[in-house]
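Trainee: What follows is a structure written as structure tokens; I'll ask about it next.
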Amino acid sequence: MPDAPSSSPSVAQPAGPAAKILVADDDQSLLRTLTWILKEHGYNVVAVPGGEGLLAKLEEERPQLLLLDIMMPKVDGLQLLERLKSDERYRDLPVLMVSSMPPEEATVKALGLGAADFIAKPFRVRELLARVEAHLRVGQALGQAREEARSRAAMVDILHEVTDSLKPDEIYHILARRVARVLNISKCSMVHAKPGDRMGVVVAAYENPMLRNLEIELARYPEIEAALANGRLVLVRDVATDPLYEKERMRWEREGIKVPTRSAAALPFNMRDRQVGVFFLRTTGDDPPLTPADAQFAESVIKSAVAAIEKAYDFESAVSDKQRLESSRARWRRSRRRTTSNRRSPTSSGSRSWRRPTR
């Protein structure tokens, strides 16, 4: 059992909003005590009596940290730890082992199998909370670093495909398709529009690859209007409640329209120092809402791809200029051949032909 806590130990608040902790212990009294202590300090706690079904519970709950007892009657905590750390899904999950075993023996075994830390029973509340908070922060930082590495790898892969294309329209479709797949969202499109425009033109859409140059009324998309007006990313986490969509929600209700969009992000982009359009992301139905990290990833991709789009337009313009020049030369050659032919043609029937005089 823990040492008796004072009224309220002074500890740091949890890392992030309501970090989720899963506690697995066969001692019901200790399980209730741990759950109460952690909840009192702002954590979201899931209690699991014993270790049976722990893997399924981990899959269901996806906690940020696991407190696991070593000595349980039906399942050995160290064996569970070994199984967890051999599973790619839980390799980075911080696991704090709790046990009444001799600290030296338990610590060596637990750390050797991949545990983040060991807490001996009876534990001190201040120490428990400090260790939990420290490992949550480490786990959060590690997860963020891995996610950033994955994002960078995905962005490099997208940009490789983009730079292989010399057609602007093709690049727009590549960006919409690849970003939608990386973020696992259902709708992603490229819209050409400038600040103050009433209409925009959708030049590419992941949800409809055959779509070309569809005109849309920008008043129906307040996040696009706002992004064009202020030149900054606009993220709407919940279309059903965000004030930006208040007028549109009233219109939907008045006209009996059901809109599946759950969240949206509009990312304005420039070419040659002029705003030319918006990268438009949306989620629908039961999809999780877009996050600031999602929007920042898409913004980084479009900003990095602008140079390739500009080069594609330059190449397209050069090809068009060359074709016009060749066409003009061809017309000039044809015109010159006709002129030369007319000069060499016989005189008209009404004229007298020239003959060498005879002697």
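Trainee: Count of lysine pairs in the stretch 165-314 with Cα atoms under 25 Å apart, counting only pairs 8 or more residues apart in sequence or on different chains?
Mentor: Pairs that pass both the separation and distance tests number 12.
Trainee: Which lysines have a Cα less than 24 Å from the Cα of residue 39, not counting those fewer than 8 places away in the same chain?
Mentor: 20, 57, 121
Trainee: Between residue 126 and residue 284, what is the spin-label point distance in nm, taking each point 7 Å from the Cα along the Cα→C-beta axis?
Mentor: 5.7 nm
Trainee: In addition: Taking the Cα centre of the stretch 20-143 as origin and charging only Cβ (+1 Lys, Arg; -1 Asp, Glu), how large is the dipole, in debye to the nearest 20? Numbers along the way, then the final one.
Mentor: Numbers: 16 positive and 19 negative charges, 63 e Å.
Dipole about the Cα centre, nearest 20: 300 debye.
Trainee: Measuring from centroid to centroid over Cα atoms, what is the spacing of the stretch 58-90 and the stretch 121-183 in Å?
Mentor: Taking the Cα centre of each part, the stretch 58-90 and the stretch 121-183 sit 25 Å apart.
Trainee: A follow-up question, please. With both bridge residues required to lie in the chain, what share of the DSSP beta bridges run antiparallel, to the nearest 5%? Let's see the in-between values first.
Mentor: Numbers: 27 of 45 bridges.
Taking every DSSP beta bridge with both residues in the chain, the antiparallel ones total about 60 percent.
Trainee: Of the candidates 83, 262, 237, which one comes out as most mobile in a Gaussian network treatment of the chain with C-alpha springs shorter than 10 Å?
Mentor: Maximum among the listed residues: 83.
Trainee: Shifting gears a bit: What nm value, rounded to one decimal, do you get for the distance between residue 249 and residue 199 when each label is placed 7 Å out toward the C-beta?
Mentor: The two pseudo-label positions are separated by 3.1 nm.
Trainee: Could you tell me the calculated FRET efficiency between residue 111 and residue 140, based on Cβ-Cβ distance and R0 = 22 angstrom, to the nearest 0.05?
Mentor: Values: r = 21 Å, r/R0 = 0.94.
The calculated FRET efficiency here is 0.60.
Trainee: Nearest 10 degrees, 0 to 90: what angle lies between the long axis of helix 125-163 and the longest principal axis of the chain (Cα atoms)?
Mentor: 20 degrees
Trainee: Per-residue ellipticity at 222 nm for the chain, helices alone: DSSP H runs ≥ 4 residues times -39500 (n - 2.57), over residue total, nearest 500 deg cm²/dmol? Could the numbers behind the result be given before it?
Mentor: Details: 9 runs with 167 residues, N = 359.
Dividing the helical sum by the residues of the chain leaves -16000 deg cm²/dmol.
Trainee: So how do 55, 129, 30 line up by other beta-carbon neighbours within 10 Å, fewest first? Walk me through the intermediate numbers first.
Mentor: Values: 55 15, 129 22, 30 18.
Least to most surrounded, the residues fall as 55, 30, 129.
Trainee: To the nearest 20 Debye, how big is the dipole of the chain about its Cα centre, given +1 on the beta carbon of each Lys and Arg and -1 on that of each Asp and Glu?
Mentor: Result for the chain is approximately 4860 debye, rounded to the nearest 20.
Trainee: For a quick check: sort 269, 118, 315, 279 by the number of other beta carbons within 10 angstrom, fewest at the front.
Mentor: The most exposed by this proxy come first: 315, 269, 118, 279.
Trainee: Follow-up. If you place +1 on the Cβ of every Lys and Arg, -1 on the Cβ of every Asp and Glu, and leave all else neutral, what size is the dipole of the stretch 165-314 about its Cα centre, to the nearest 20 Debye?
Mentor: For this selection, approximately 160 debye.
Laboratory data are not the source of any read-out in this text; all were calculated from the coordinates shown. Quick caveat: nothing in here was measured; it's all calculated off a predicted structure. Please note: Cβ atoms are built from the backbone with ideal geometry, for glycine as well, and neighbour counts cover all protein chains shown.
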